[in-house]
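**Student:** This is the structure I have questions about; it appears just below.
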Amino acid sequence: MLKAVVERLVVSEPTLQAWRRGQTPDSKKTQRSDPKAEALLPVVVHPSKVHAPSPVATTFAVVSPQGWRVEGLGVQDAAQLLRKLAC
């Protein structure tokens with residue numbers, strides 16, 4: 001089982017054993033404020049909450065090389081205008 005944990009965490013076996021003893025691999029036992037504290041504690045990871053997508057522009061502006069603008073177009077209208085202008 002230790003080998004499976006080492007592989008899953010991508011750490012060496014001595015590192016994992018040191019963590020279990022409350023040590024870092026190259027140090028002496030760490031000092032804890034609570035002497036009854038365990039070296040490793042169980043952790044539960046929950047999937048992140050689904051957030052609403054960021055708002056996106058629902059209207060567009062078409063700006064010509066000559067400087068004129070057409071604003072407030074929807075996707076279909078902007079595409080149709082660009083096709084008619086042969087852009």
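Values in this text are rule-based calculations from the coordinates and carry no lab data. Just so it is clear, the model here is predicted, and its values are computed rather than measured. Cβ: placed from backbone, ideal geometry, glycine included. Neighbour counts: every protein chain shown.
**Student:** Sorting check: for 74-80, 48-54, 1-7, 14-20, which peptide has the highest mean count of neighbouring beta carbons within 10 Å, and how do the rest follow? Display every interim value, and only then the final one.
**Tutor:** Working: 74-80: 12.1, 48-54: 5.6, 1-7: 10.0, 14-20: 14.7.
Listed from highest to lowest mean packing, they are 14-20, 74-80, 1-7, 48-54.
**Student:** Which net charge results for the neighbourhood of Leu16, defined as the other residues with beta-carbon distances under 12 angstrom from its beta-carbon, given Lys and Arg at +1 and Asp and Glu at -1? Spell out each step's value before the answer.
**Tutor:** Working: positive: Lys3, Arg8, Arg20, Arg21; negative: Glu7, Glu13.
Local charge sum for Leu16: +2.
**Student:** While we're looking at this one, here's another question. On a full-extension model of 0.36 nm per residue, what is the gain between Val45 and Val70, subtracting their alpha-carbon distance, rounded to one decimal in nm?
**Tutor:** Numbers: separation 25, 0.36 × 25 = 9.00 nm, distance 4.97 nm.
Computed gain between Val45 and Val70 is 4.0 nm.
**Student:** Starting from 0.36 nm per residue, how many nanometres of slack lie between Gln80 and Trp19 once their C-alpha separation is accounted for?
**Tutor:** On the way: separation 61, 0.36 × 61 = 21.96 nm, distance 6.36 nm.
Contour length minus the Cα-Cα distance gives 15.6 nm.
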